[in-house]
Structure formats: C-alpha cells, structure tokens
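Only the coordinates and a few stated rules stand behind these numbers; no lab work does. All values reported here derive from a predicted model rather than from experimental measurement. A quick note on method: Cβ atoms are made from the backbone with ideal geometry, for glycine too, and the neighbour counts reach across all protein chains shown.
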C-alpha cells in the first residue's frame, strides 16, 4: 500500500483521496503506460516471461536514450476479454491513444517497447485493437458495452488506489452519505437488476426479503462457485476487478442489515482467491471494510470460503451447507435462505456478476442502468464465448442484442469458416439454440422461449462437424456425475437418461429410446429437489426439439450424420483413390485391411475395430467413413 492509503479515513475524506489517486494515475504528456495481461489466461500463455522481457528492454532503452529520460510505467492487469489473443500487451498515451498487441512473445515484447513505447510507432501487423482520439473503436469491442468489465484489463487489480482513481467506492460513498437502507433497496429495484447467476430473480426484491426477515444477525454471500463447462466469467472478474465485488457486497450488507459475509469461491481459482485476499486487506487498511467503515458506525467483515469444486454447490442451499462444514447438498425450499439460511439466519446470496453491477448502479443512478437493455431485462450481460468460434473470450453486451451479432460481429464467426450449427447457452442447465433462431434476442424471456436460459453466461458455439446427440450425452454425463444423489429423480433419472444416451451413440439403441428419454426428462424436471436436477434434461430436450433428425438417424439408421460417433461409423476404401501402397494393411492392428500391392484394398467391416489408424495414415484420402 502507498502512503496515500496507509491509514483509515473518514467518509468526508474519500473524495479527496479519489482526486489524489486520479492525479497519481493520470497520464502525463510525456508519459507512456504499458499494460500486460496477467490473468489466468495471460499467465497460461506466457505472461510472466513477456513482463520480464518488457522490463529488461526498458533498462536497455533507458541506457540508450541519452537525450531524455524515459517515463514509461509497466503495470500488470487482469483479463481484457480477448483470451484467444493472449498474451496481450497494451501501450497507452495521453489523449486516449491505446494500442493493444496480441499473442505477444518475449522477443515481440522487446520490439514493442523499442518501437512503440519509446519510439511512438505502432507495429500494425501485431495490433488486435486500436483506440485513438476521434476514431471510433471497431472490432471485437464495437458492439460491447462494458459496465461489469469496465476495469478488467485496465487497472492493476492489486492496487486499491487504481480502483478508486476510476471512481471506485463512489457508490458506497453515496450510500453512506445519508441513504437509508430501504432507499438503497428501492434504488436497486428501480434499476431492474436481475440475478446474473441463473434464474434471473429481481435483485432488489431479494434484498428486501432478507431485510424484512426477523432476526438481528444476517449474512451476505457471494456465489463464486463457477462450475459450468466453458464458463470463466466470475474467475476473470475476480482476478481483474475484485474491489467491484467487495464494494457491491458492502452496499448489499448495509441495505439488508448485515455485518458479516462470505465469498464462496472454488479452490481451482487460486489467482482469484489471492487477489481477493489482497483486495480485502487493502480495503481493511483504508477503512472500507471491517469495523466502523469510513467512521460511519457501519461494520462489515468478510471471509473467503474455498469450495471443493462440486457443481451442485452453485445451488444456494448446498452452498450454505458447504460453508457450515456439511456436505454440499440442497434442502427443500421454503424456507428460503432469505428467511433461514447460513446458521439458520436470514441470508442473501448473489453471484459475482450481480454484485459487481451494484456499485455502478448506486454511483450513476437507477435510471441510467434501467435505460440499458429491454423492458424486462435491464443492463448488460457478460458471456464466456468458447467452442468453434474464431474469437474466444469474455464479452459484455447490452441485453437485447441478437445472438447472431455476438457470434459473427463480436466472435468473428465460425472457425475455418464452417457452417454454424448451434450454440449451447447456460451450461448444463441451458439448451442448444439452432441456426434458425440465431436472431433471438439475448434476454431472459427470449432465451427461455427458445428452450435455453441465461444461466451464468456460458456460450459454447458448435459447427457442422459436431454431433448434437454426442453433445447432449456429454452434458448429461456432466450433470449425472455432479448430482449429489440426495433425491431419487435426479440420482436415478439422470443415470438412466445417460445410459440411454450412451446406447444411442454406441450403436446399441433400442426402439422407443427417444420416447423413453422424453418421458424420463419430464420426471427428472418435475421431481428433482434443486435446480441441478430440474434443469438437467434441458440439453437433451432442446437437441430433441431442434435436431430430432440426428437422434432418429442414430436410432433408426444406426448412422451418425456428423461422422463423430465411432461405433456408428463404417470405414471403406474408395477404389478410385486407392493406390495399393499397403500402408493401411500394415498398420491395421487386427488385419481388417487386405489387398495386393498396387491394387485397390478393401476393409472387412466385421473385423474392423474403428481405431481410425488407417484413416489417419492414408496419404491419398482413399479411406472414408
């Protein structure tokens, strides 16, 4: 911590501190700032060697440039969202010039320092994003609206001063300057903010239930147990802007009358947990967290609970059980956590993204936030774009944007320019949306009508080479393995559904399997105890709804139209292409390929084990499936 923030301050001193932080981090006319992405994605791509190369090159440049002193600051930052382009290095100058370079290696980093940071000349071939005065930003950020991700990739997440300099804790300042708790709740209600973790329940109403619940002791929880395949929004936000979540939780605690809270974060997120701890320590030293916050008499202490990685602990009652040291299993509701939650006390739970929206709403007002999005879905939503798409990463878009715009305008379209087939939205609890519904609006109600759901924001894109039956089997396998086993419909129903799916992709399907799948889906949805079981059949139901012909091909014709399910594939040799080189017959482990040299060969399908070795080794593309 710097001297600026080494002592606890009072509420009336916060504006002065903010101005001091802004002055400290404002770009001077001759100054250059170099940002290096050191989130999990950046570190995995080699961020540390890149950072070291930048620092080494700066030392060399400082010795080489005699006529003037170099004023170049190097800062680590979190994920900027363009994960496919990591390691990201950004060079900033006064006036709004921002040049971002992608897939940077140490030798590239040295050139960036020498030619851009020192010389002022951008290396155009490496630029992935550019912002200059008077020039509208294009590319991946053109249709995005960053509220939650506003600081990610821009601030150093381990410097509270940097967060404060960009308006941090202004929402809390407004709240503690005279807003009664109910007025805070009313402001959140007017904003239209809905939970970003799944069902989309109105946040302000949820807070009101907890405030009205009887009892002096109340808890505030943050659900950071992100477990959906392909989802990494919460992790990136906690790594890139942890103070936004802390500020949101402090405001929420004040509103419902709580003095204690927990952040439940899975232990597989060590960097997020590290930066949360740093943020909590810094906030405590300045007087923004702990006893007598900003001298107002309001106190709030916060703990981190590391989860073991069970998907079911994303369900709020299972999460509560895990914090209390019990096995993470849901319980029937009512009573809801707002009435009886952690240690039987009234408890409010929101997820990471929901909490991160709160400070901006209180700082800029509910009308501002309510003016973004659709009539029933306000604000923005963060999505993790993954799968067969050119530009993977995090995107934040206003509610109401068409799915097509996310896939093609922001995501750049499908890899290798293949045909779009579907997008899985909402993770294992969501559903698959086909090409015919690509113009679906991204909002809570539209996605539900399409058979999917917003969920936490996972968005996995698949192309024409994907077997939708196998994709549904994969998600069913995931939810079945993650079922806590407490209730029979989920424990046994998902097991039987998975068994049927495995029969279908394994070439052993029976007449009536499709009808049985649909029947079991209804039983599991209606009879399961918690959200995991109630939504477990969604991927199967939506693939049956939009891709029934693929199911029927697997069951009736014993073929996989996409050529993915190995058990349903039959290999043969095209005599027109075969040169009789004998390569395939020599490599076949079971002797299924026969033929004379320099003459077309053939495959004995009864002996073939479908190991694909011949297909992979044939130099003439004569072997087909």
Ordering of 80-87, 462-469, 228-235, 330-337 by burial proxy (mean other Cβ atoms within 10 Å per residue, highest first): 80-87, 228-235, 462-469, 330-337
Region 31-137: projected area of the alpha-carbon convex hull, averaged over directions, in nm²: 6.4 nm²
Zone of residue 419's modelled label, taken as backbone nitrogen in region 469-507 under 17 Å from a point 7 Å along Cα→Cβ: 469
By average C-beta atoms within 10 angstrom, highest first, the peptides 432-444, 143-155: 143-155, 432-444
0 to 90° range, to nearest 10: angle between helix 203-212 axis and the chain longest Cα axis: 60 degrees
Using alpha-carbon coordinates, inclination of helix 181-191 to the longest axis of the chain, degrees: 40 degrees
Hydrodynamic radius of region 340-390 per Kirkwood, over alpha carbon pairs, in Å: 13.8 Å
Coordinate range along principal axes, alpha carbons of region 468-557, Å, largest first: 38, 22, 20
P(r) of region 385-441 over all Cα-Cα pairs, binned every 5 Å from zero, in whole percent: 4, 18, 30, 31, 14, 2
Euclidean distance between Cα centres, region 12-72 to region 238-306, Å: 27 Å
Rounded to whole Å, sorted largest first: equivalent-ellipsoid semi-axes of region 336-464, Cα gyration tensor: 30, 18, 13
Rh by Kirkwood over Cα pairs, then Stokes-Einstein D for region 158-245 at 0.692 mPa s and 37 °C, µm²/s: 214 µm²/s
Exposure proxy ranking, count of Cβ atoms within 10 Å, fewest first, for 453, 501: 453, 501
Inter-label distance, nm, simple model (7 Å from Cα along the C-beta direction), residue 552/residue 292: 7.5 nm
Contact order normalised by residue count of region 570-624, Cα under 8 Å, 6+ apart, percent: 46 percent
Fewest-first sequence of 545, 266 by Cβ atoms within 10 Å of each Cβ: 545, 266
Cα gyration tensor, region 160-370 - rounded (a/c under 1.5), prolate or oblate: rounded
Nearest 10 degrees, 0 to 90: helix 488-505 Cα axis against the chain principal axis: 50 degrees
Highest-first arrangement of 27-33, 306-312, where packing means the average Cβ count within 10 Å: 306-312, 27-33
Beta bridges by DSSP in the chain, antiparallel share as percent, to the nearest 5: 60 percent
Residue order, fewest to most surrounding Cβ atoms within 10 angstrom, among 207, 602, 343: 343, 602, 207
Descending semi-axes in whole angstrom, ellipsoid equivalent of region 570-624, from the Cα gyration tensor: 15, 11, 10
